[in-house]
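Working notes, structure below.
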Amino acid sequence: MIEKGILGPGFLAHVITEHCGNHMPFYRLEKKYASEGLDLSRSVLQSSTARCAELLAPIAEELRRQVIDSPVIYTDDTPVTIAVTDEGKPKQGRVWIYLNQDHSHWYDFTETRKRDGPQQVLGDYSGYVHADAYPGYDRLFLPGGAEEVGCWAHARRKFLESEMTEPDLAKEAVNRIGILFSIEKHAKERGLDEPGIRALRQEKAGPLLKSFRAWMDLAETQVLPKGPLAKAITYARNQWGALTRYLDDGRLEMTNNAAERALRPFAVGRKNWLFFQRASGGVSTTILMSLLMTCKAVGVNPREYFRDVLLRVGEESDVRLLTPQGWKKRFLPEVRERRERVLDQILARPAK
């Protein structure tokens, strides 16, 4: 698979899923393989994984195109440490997730949290963007640009944090938000389609939101001016347009939890591998994680996927067929049939 390399596609797929999917740093994999009698240095494992990322980069780019072509996108970011930099000391980079409703995950790596990152990805986008209130997104939501969809999970969290100082008013806010979430739960339980969800929201959630806005205006006069509850109210009022936008379209959600869940593997992973050695490691990891997390989201075994796609990537001209969704539809039946034939031969089973 790799020129002058020593690892085959099956083992490379194993290393990728262990490192990216199970958060195993290369030094632990080195020790694990050594205990099993296999002498593989961490530098070989790292360079082999990076080369796989280079081979698979066009597929990750196709996932990016699919996400950007979607009418609804979820995005968020999380910090990561870069150990070796041009400045000679560690610094904090960012991993960004861009996710659509067809489960295409595309991760981007930047060396800073400046607005240039999301601006470069979504600068020409004009659909709906679920996001938090990070100011770096603001240029995306200028007239003629994308439509911001706020996150009620963020807003509720701020009211929950204020329960210690002003419990009665904070609990009232949390209860009101809880009723809004119960309407969403009811819509899912009824299996409503997008127009049905919008109609239910307009009928039930719309009046409740107007009442909640009026309640906040009154509560603001009763709270500590710089206390946690005042900050929670200010956040909700400043984000009110974005927080109420989900009323307009049944495709939208009340929260940006999908993006937060998609970033969780990096939050868990950095507790194990701690940092990216260099910025190039961040780029390689985000390419492989884009494919791996999309596999998981669409019900494809990542190890099975990587093994087969590494064999096909140099020959298949239509990159869309090599995305996890395209591979599942086009090649997975073939892979499973071939596996069954091999098992029949090994186990001397009669042919079906």
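Can you list which of the GluC sites (Glu not before Pro) found in the range 19-83 are DSSP loop residues with at most 13 other C-beta atoms within 10 Å?
For GluC sites (Glu not before Pro) across the range 19-83 that sit outside H, G, I, E and B with at most 13 neighbouring Cβ atoms in 10 Å, the list reads Glu36.
For the range 194-200, just list the computed ³J(HN,Hα) in residue order, Karplus coefficients 6.51, -1.76 and 1.60, θ = phi - 60°, integers in Hz, with x standing in for Gly and Pro.
4, x, x, 5, 4, 5, 5
Taking 8 Å as the Cα distance limit and 6 or more residues as the minimum spacing, I'd like the relative contact order of the chain as a percentage.
26 percent
Please work out the average accessible area per residue across the range 15-139, using the 1.4 Å probe convention, and give it in Å².
45 Å²
Tell me, what ³J(HN,Hα) does each residue in the range 145-156 have, in order and in whole Hz, if you take phi through Karplus 6.51 cos²θ - 1.76 cosθ + 1.60 with θ = phi - 60° and put x for Gly and Pro?
Each residue's phi maps through the Karplus curve to give x, 6, 9, 7, 10, x, 10, 6, 5, 4, 4, 4 Hz.
Rounded to the nearest whole Å², what accessible area per residue is found for the range 167-310 with the 1.4 Å probe?
48 Å²
Classify the range 149-281 from the C-alpha gyration tensor, please: rounded if a/c falls under 1.5, else prolate or oblate depending on whether a/b exceeds b/c.
Oblate, since a/c reaches 1.5 and b/c is not below a/b.
So for the chain: antiparallel DSSP bridges make up what percent, rounded to the nearest 5?
70 percent
Skipping prolines and chain starts, which residues have an amide H placed within reach, meaning under 5 Å, of the one on Val80, given they are 5 or more residues away or on another chain?
Here Gly93, Arg94, Val95 satisfy the definition.
Compute the Rg to Rh ratio over the chain from the alpha carbon atoms, using the Kirkwood formula for Rh, and round to two decimal places.
Dividing the radius of gyration by the Kirkwood radius yields 1.04.
Using the Kirkwood radius over C-alpha pairs as Rh, can you work out the diffusion coefficient of the range 1-87 via Stokes-Einstein at 37 °C, viscosity 0.692 mPa s, in µm² per second?
213 µm²/s
Sort all Cα-Cα distances of the range 173-250 into consecutive 10 angstrom bins from zero, then give the percent of pairs in each bin up to the one containing the longest distance.
Final binned percentages: 18, 47, 25, 10, 1.
With viscosity set to 1.567 mPa s and temperature to 4 °C, compute the Stokes-Einstein D of the range 244-319, Rh being the Kirkwood radius across alpha carbon pairs; µm²/s, no decimals.
In µm²/s, the coefficient rounds to 85.
Before anything else, pin down the relative contact order of the range 59-163: Cα pairs under 8 Å, at least 6 apart, normalised by residue count, whole percent.
Here the relative contact order equals 23 percent.
What's the angle, to the nearest 10 degrees (0 to 90), between helix 279-298's Cα axis and the longest principal axis of the chain?
80 degrees
Taking N as the number of residues in the range 91-150, what is its Cα Rg relative to 2.2 N^0.38 Å?
With N residues counted in the range 91-150, Rg over 2.2 N^0.38 Å equals 1.11.
Near the amide H of Ile73, under 5 Å away, which other amide H atoms are found, from residues 5 or more places off or on another chain, if H is placed in the peptide plane?
Long-range HN contacts for Ile73: Tyr128, Val129, His130.
Explain nothing, just compute: Karplus ³J(HN,Hα) = 6.51 cos²θ - 1.76 cosθ + 1.60, θ = phi - 60°, for every residue of the range 306-311 in order, whole Hz, x for Gly and Pro.
4, 4, 6, 5, 4, 7
Based only on Cα atoms, what mean projected area does the convex hull of the range 9-149 have, in nm²?
For the range 9-149, averaging the hull's shadow over all directions gives 10.2 nm².
In whole Å, what are the Cα extents of the range 209-352 along the three principal axes, biggest one first?
79, 41, 32
Just to confirm the number: angle between the C-alpha axis of helix 257-273 and the first principal axis of the chain, 0 to 90 degrees, nearest 10?
Tilt relative to the chain: about 50 degrees.
With charges only on Cβ, +1 for K and R and -1 for D and E, what is the dipole size of the chain about its Cα centre, in debye, rounded to 20?
Dipole magnitude for the chain comes out near 740 debye.
Given axes a ≥ b ≥ c from the Cα gyration tensor, I'd like to know whether the range 94-215 is rounded (a/c under 1.5), prolate (a/b larger than b/c) or oblate.
Because a/c hits 1.5 or more and a/b fails to exceed b/c, the range 94-215 counts as oblate.
What is the percent carbon and sulfur in the accessible area of the chain, measuring with a 1.4 Å probe over the protein chains and ignoring ligands?
50 percent
The values are calculated or read from the model by the stated rules, or taken from the named source; none is laboratory data. Here the structure is a predicted model, which is why all the values come from computation and not from measurement. Cβ coordinates were reconstructed from backbone atoms using ideal geometry, including for glycine residues, and neighbour counts include every protein chain displayed. What goes into the accessible areas is simple: the full protein's heavy atoms, side chains included, and nothing from ligands, DNA or RNA. Shrake-Rupley method; radii C 1.70, N 1.55, O 1.52, S 1.80 Å.
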